[in-house]
Amino acid sequence: MKNLISKNILKLFAFTIIAILLTQEVYAIETLGGLPALNVEANDNGGTTYSLSLQILLLMSALTILPSLLLGMTSFTRIVIVMSILRQALGTQQTPPNQVLIALALFLTFFIMAPTFTNIYELVAVPYMNGEIQTTAALNQASREIKGFMVVNTRETDISMFAEIAGAKDFYSKEDIPFSIALPAFITSELKTAFQIGFLLFLPFLVIDMVVASVLMSLGMMMLSPMLIALPFKILLFVLVDGWSMTVGSLVSTYITQ
């Protein structure tokens, strides 16, 4: 009996607290005239105006998918794959470390994407901050700039493949290609190109490994690891031909900027 009374008292207490909170919230909304921090209003030009708090909320939400956008719509994927294959071809294990490779790929991505980012800043960010264009128009223009970079650096065969899968018709210009087709086609093309470049980088180091292994076998030193002997020769070759500059320069030159 006592337990039942206690439960009823707790339920009554919880109900009272909830009723008080709801009453205060309704009173605050009626007094303030809504929630101005999250208002969406129509302006005089027929567009939509978002409050500052709502814009910040949308921006913070967009930051959660920023890594995926960086990987999928820029040159980051090709660069980091090529650098990883190069490190494996050298046989230096974790040198350079992953943090250095990611930093190098990131800054090279900024260098390659600089013309596109500049266009987005001049054509989208500045007019939007000055109130000359609305949010929808700004997003559409920014997506067109990014899509233009992806399309010019994507193989036509990949675009045709995804267009055929999606059942889309022929495209007469790059503006006609939808984003849903341009993005997977670009990622697929980047993977193909990255592995092709990595294969070409792997060949000279593979030759060194084969020569060292043949020499050691002919000398009867089968217990000595060929990788241990080949490592200094591969590093020496890479340094003599200025391998880092050649690799970075070749990667940058493979992209077509707008």
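The values are calculated or read from the model by the stated rules, or taken from the named source; none is laboratory data. Everything numeric in this text was worked out from a predicted model, so none of it was measured. Using ideal geometry, Cβ is built from the backbone for each residue, glycine included, and neighbour counts are taken over all protein chains shown. What goes into the accessible areas is simple: the full protein's heavy atoms, side chains included, and nothing from ligands, DNA or RNA. Shrake-Rupley method; radii C 1.70, N 1.55, O 1.52, S 1.80 Å.
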Q) By accessible area of protein heavy atoms, probe 1.4 Å, what ranking do Asp209, Asp170, Asp158, Asp242 get, highest first? A) Asp170, Asp242, Asp209, Asp158
Q. Is the shape of the stretch 82-179 best called rounded, prolate or oblate, per the rule: a/c under 1.5 gives rounded, else a/b larger than b/c gives prolate, else oblate, with a ≥ b ≥ c the square roots of the Cα gyration tensor eigenvalues?
A. oblate
**Q.** In Hz, Karplus ³J(HN,Hα) per residue of the stretch 128-135 (6.51, -1.76, 1.60; θ = phi - 60°; x = Gly, Pro)
**A.** 5, 5, 7, x, 7, 10, 8, 4
Q. Taking Cα pairs under 8 Å and at least six residues apart, what relative contact order does the stretch 89-248 come out at, in percent?
A. 24
(Q) Can you sort Arg144, Arg87, Arg155, Arg78 by solvent-accessible area, 1.4 Å probe, largest first? (A) Arg144, Arg155, Arg87, Arg78
Q) Where the accessible area of the stretch 119-183 is counted over protein heavy atoms with a 1.4 Å probe, how much of it, in %, is carbon and sulfur? A) 56
Q) Rounded to whole Å and sorted largest first, what semi-axes of the equivalent ellipsoid does the C-alpha gyration tensor of the stretch 127-258 yield via the square root of 5 times each eigenvalue? A) 48, 19, 11
(Q) If you take every residue apart from Ala137 with its C-beta less than 14 Å away from the C-beta of Ala137, what net charge results, scoring Lys and Arg +1 and Asp and Glu -1? (A) -1
**Q.** Rounded to whole Hz, the Karplus (6.51, -1.76, 1.60) HN-Hα couplings of the stretch 221-232, x for glycine and proline
**A.** 8, 6, 7, 8, 5, x, 5, 5, 7, 6, 4, x
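Averaged per residue, what accessible area in Å² does the stretch 88-142 show with a 1.4 Å probe, protein chains only?
Normalised by residue count, the accessible surface of the stretch 88-142 is 60 Å².
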**Q.** Rounded to whole Hz, the Karplus (6.51, -1.76, 1.60) HN-Hα couplings of the stretch 209-216, x for glycine and proline
**A.** 4, 5, 5, 5, 5, 5, 5, 5
